[in-house]
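A.B. asks: Once you've had a glance at the structure underneath, I'll fire off some questions.
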Amino acid sequence: MTASNEYRFQVNLSGMIQILSNHLYSSPKVFLRELMQNATDAITARKEVEPGYQGEARIELTGTGDQLTMMVEDNGVGLTEADIHEFLAMIGQSSKRGQQALLDGETSFIGRFGIGLLSCFMVSHEIVMLTQSIKGGPSMEWRGKPDGTYTIRQLDTQLSPGTKVYLRCTPDAAHYFETEYVKEALFYYGALLPYPVTLLHDGVQSVVNQDSPIWLTRPELARSCRAEVLAFGERLLGEKFQDFIPLTTATGRTGGIAYVLPHAVNLNAKRSHRVYLKRMLISEKAENILPEWAFFVKCLIWTDELQPTASREHFYENEKLEEVRSELGDALRMGLADMAENQTERLQKLIRLHALSMKALAVQDQAFYAMIHRWLPFETTRGHRELGELIDEGETLYYTGSIDEYRQIHHVASAQSMLVVNAGYIYDKELMAMLPVILNNVQTERIEPDEVSMTFTDVAPAERNQYYDALRLADSALQRFRCRAEVKGFKPSDLPVLFTLSQESSTLRALEKASEESTDLFSSVLGSLSAGINSAGYSTLYLNVNNPIIKRVLTSPDNQMTPIAIEMLYVNALMMGHYAMNKQELEVLNQGIVRFIDWGLRANTDRKGDA
């Protein structure tokens, strides 16, 4: 390529400023955060030169209507004329940090891209800055406009070191300059700042942030300040909490408070936390700072080691964030483990509210499961019980693989005092399978619905012969449903029939149901799959001879009524087991209801005729 073929990109500076100021940030309100970040960086820079220096920021509101003006002042390092040209006139330039620091994310400053000041154009048509560097030289005035132009001049008077930024609000941004709004916004963004932030308006002066509590730097002391920590969380997070777990990483550069949510939360609920970078609020919707299983807490996190994105509202998903997330998860896990050892009532209360989250963590961590297993709740044939109570029964813990399987057998299992756990809910099956691994003296066993029939009593040969004709009719009626009839005795006696199916028959039913609802082509494919399932795909309808209705059906002399009654008992068993019925079974249900209504009406008419 020759020199004549080389061109340079052309940048429309005015358009670029519009894009940065109006599309980079989520809301115009962030202009105040950007100003506070600049002030914090300036104070941090001065502290590096003058250790022990006490920084402060002052915000003043003056004027009314279209003269409403905000002034943000800091007593930080200030800027020289050369600094202004370098850092305010070059978009993308970053003040006082080297390229390697940018790459490593290791810097003492919050701002990173030198573009934060542009956010002020969302609320003002002009930015005026007065600054005096601690390096000396004249005090400077810088005026910037959203068309990309700026002016700079030396002031005749010498200001004290620091920077003042003046903004006059646009008509549609007056709300962001109201006193109460500014006061709340300053606390919102700067509640944890280590220097006083003062607001002045109409001669009234107030400090909007409290002195930094000691547990911000030493989270391990938070428990001794319980009331203060809970009140702090309520004010910042807007919820009244009753419990919390302090968090800290090994380096101590990231810490926080995990507030336990006072209500149960959905597994799919968003897990957002409020995160401060170098004591300045970065985001209140950080979703990637804690492990997925930690959806039972809402956290205040403060850090000085993570790298913010360009908008400074989230963090880059890099190795450092992964490391911090893992360590915060470990700290949360250790807090729960400490409860298990020393404060079991507190842990029980937490588990009652957030059992799902505890189970999610237990599945991932056997040691944690071993610590908290006794208090995990399960649905069983003996009611909702904690796992510790079930273990104390000293029986084998049978568990189903799905909720439907549990529904099929729980009546029969309950009547026969059989302890069966409904492990169809998320994590329960894995936990029941893991239980013998963490406890040597406990046995668990997966049970299939048709295995419950093993406890049924056989019918005596003489009695079975008595039902021979009726069973033949029943088998014939159920043949088209790939179901066979069996006569057994079982509890409870008020349960007339029980429908069970093997894994193969369950698969076959699912394929047939899907085939009915699919296109011809896909239905043909499903039909080929169904053909591969052999006779093991038959289900079973157990007729309970202990039930008086079944006895009447099996001994009825009406050969027309018996198949219809069997078919109705079959579809009734499907409904009791929450099985989805196919078209053929729904047709049987509808026809059977009509027939029984017809029989009932005719019988009533006949009785009246006889009378």
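The values are calculated or read from the model by the stated rules, or taken from the named source; none is laboratory data. Here the structure is a predicted model, which is why all the values come from computation and not from measurement. Positions of Cβ are generated from backbone atoms using ideal geometry, with glycine treated the same way; all protein chains shown enter the neighbour counts. The protein model used for the area step is the full one, side chains on, heavy atoms only, and it has no ligands, DNA or RNA in it. Shrake-Rupley method; radii C 1.70, N 1.55, O 1.52, S 1.80 Å.
A.B. asks: Keeping all protein chains in place and using 1.4 angstrom, which order do Thr303, Thr44, Thr151 fall into by accessible surface area, from largest down? Walk me through the intermediate numbers first.
C.D. replies: Numbers: Thr303 5, Thr44 35, Thr151 80 Å².
Descending order: Thr151, Thr44, Thr303.
A.B. asks: Heavy-atom accessible area of Ser160 with all protein chains present, probe 1.4 Å, nearest 10 Å²?
C.D. replies: Surface open to solvent at Ser160 totals about 80 Å².
A.B. asks: Here is a further query. Hey, which aspartates and glutamates would be in cross-link range of Lys278, C-alpha to C-alpha under 13 Å, not counting anything within fewer than 8 residues on its own chain?
C.D. replies: Straight-line reach from Lys278, under 13 Å: Asp41, Glu106, Asp304, Glu305.
A.B. asks: With all protein chains present, how much of the accessible area of segment 358-477 (probe radius 1.4 Å) comes from carbon and sulfur, to the nearest whole percent? Display every interim value, and only then the final one.
C.D. replies: On the way: 2630 of 5600 Å².
Of all accessible area on segment 358-477, carbon and sulfur atoms account for 47 percent.
A.B. asks: Measure nothing fancy, just the Cα-based angle from helix 319-342's long axis to the longest principal axis of the chain, in degrees from 0 to 90, nearest 10.
C.D. replies: Approximately 60 degrees, to the nearest 10.
A.B. asks: Further question: How do the peptides 415-428, 228-241 rank, highest first, by the average count of neighbouring beta carbon atoms within 10 Å per residue? Kindly include the intermediate steps, with their values, before the conclusion.
C.D. replies: Values: 415-428: 18.6, 228-241: 16.0.
Highest to lowest by the protection proxy: 415-428, 228-241.
A.B. asks: Dipole magnitude of segment 115-267 about its Cα centre, charges +1 at Lys/Arg Cβ and -1 at Asp/Glu Cβ only, in debye to the nearest 20?
C.D. replies: 460
A.B. asks: In addition: Stretched out fully, how many nm does the piece from Glu50 to Met581 gain, at 0.36 nm a residue minus the Cα gap?
C.D. replies: Numbers: separation 531, 0.36 × 531 = 191.16 nm, distance 7.94 nm.
So the extension gain works out to 183.2 nm.
A.B. asks: Keeping every protein chain present and rolling a 1.4 Å probe, give me the accessible area per residue for the chain in Å².
C.D. replies: Details: 29920 Å² over 611 residues.
Value returned for the chain: 49 Å² of accessible area per residue.
A.B. asks: Measure nothing fancy, just the Cα-based angle from helix 226-237's long axis to the longest principal axis of the chain, in degrees from 0 to 90, nearest 10.
C.D. replies: Helix 226-237 sits at roughly 90 degrees to that axis.
A.B. asks: Follow-up. Measure out, as a whole number of angstrom, how far apart the alpha-carbon centroids of segment 254-293 and segment 553-611 sit.
C.D. replies: About 58 Å separates the Cα centre of segment 254-293 from the one of segment 553-611.
A.B. asks: Right, another one. Provide Val275, Val265, Val204 ordered by accessible surface of protein heavy atoms (probe 1.4 Å), highest first. Can you show the working numbers first?
C.D. replies: Details: Val275 0, Val265 35, Val204 90 Å².
Largest accessible area first, the list is Val204, Val265, Val275.
A.B. asks: At 1.4 Å probe size, what's the solvent-accessible area of Leu117? Round to the nearest 10 Å².
C.D. replies: My reading of the accessible area for Leu117 is about 20 Å².
A.B. asks: Then there is this: Return the calculated 222 nm mean residue ellipticity for the chain, to the nearest 500 deg cm²/dmol, obtained by summing -39500 (n - 2.57) across DSSP H runs with n ≥ 4 and dividing by the residue count. All intermediate terms of the calculation are to be shown ahead of the outcome.
C.D. replies: Numbers: 19 runs with 236 residues, N = 611.
Calculated at 222 nm, the ellipticity per residue is -12000 deg cm²/dmol.
A.B. asks: Greater than 28 Å separation of Cα atoms is the criterion. Which listed pairs, Lys47/Lys270; Lys513/Lys551; Lys29/Lys298; Lys47/Lys164; Lys320/Lys349, meet it? Write down the numbers at each step before the final one.
C.D. replies: On the way: Lys47/Lys270 39 Å; Lys513/Lys551 33 Å; Lys29/Lys298 24 Å; Lys47/Lys164 18 Å; Lys320/Lys349 34 Å.
Beyond 28 Å between Cα atoms: Lys47/Lys270; Lys513/Lys551; Lys320/Lys349.
A.B. asks: Going from the alpha-carbon gyration tensor of the chain, what semi-axes, largest first and in whole Å, does one get by taking the root of 5 times each eigenvalue? Each step should come with its number before you reach the end.
C.D. replies: Details: eigenvalues 1081, 168, 102 Å².
Result for the chain: semi-axes of 74, 29, 23 Å.
A.B. asks: Calculate what fraction, in whole %, of the accessible area of segment 294-352 sits on carbon and sulfur atoms when a 1.4 Å probe is rolled over the protein chains.
C.D. replies: Values: 1110 of 2460 Å².
Answer for segment 294-352 is 45 percent, counting heavy atoms of protein chains only.
A.B. asks: Students sometimes get this wrong: rank Asp469, Asp74, Asp338 by accessible area, probe 1.4 Å, all chains present, largest first.
C.D. replies: Numbers: Asp469 90, Asp74 15, Asp338 45 Å².
If we order Asp469, Asp74, Asp338 from most to least accessible, we get Asp469, Asp338, Asp74.
A.B. asks: Related question: Helix 344-353: angle to the longest alpha-carbon principal axis of the chain, degrees 0 to 90, nearest 10?
C.D. replies: Helix 344-353 sits at roughly 80 degrees to that axis.
A.B. asks: Looking at the chain, send over the antiparallel percent of its DSSP beta bridges, to the nearest 5.
C.D. replies: Details: 60 of 81 bridges.
Taking every DSSP beta bridge within the chain, about 75 percent pair in antiparallel fashion.
A.B. asks: Still on this structure, please answer the following. So how much slack lies between Phe596 and Arg482, counting 0.36 nm per residue of separation and subtracting their Cα-Cα distance, in nm?
C.D. replies: Details: separation 114, 0.36 × 114 = 41.04 nm, distance 2.44 nm.
Length gained between Phe596 and Arg482: 38.6 nm.
A.B. asks: What dipole magnitude, in Debye to the nearest 20, does the chain give about its Cα centre under +1 on Lys/Arg Cβ and -1 on Asp/Glu Cβ? Walk me through the numbers on the way to the answer.
C.D. replies: Numbers: 59 positive and 78 negative charges, 112 e Å.
Rounded to the nearest 20 debye, it is 540 debye.
A.B. asks: Got a number for carbon plus sulfur as a percent of segment 190-246's accessible area, 1.4 Å probe? Display every interim value, and only then the final one.
C.D. replies: Numbers: 1470 of 2910 Å².
Answer for segment 190-246: carbon and sulfur cover 51 percent of the accessible area.
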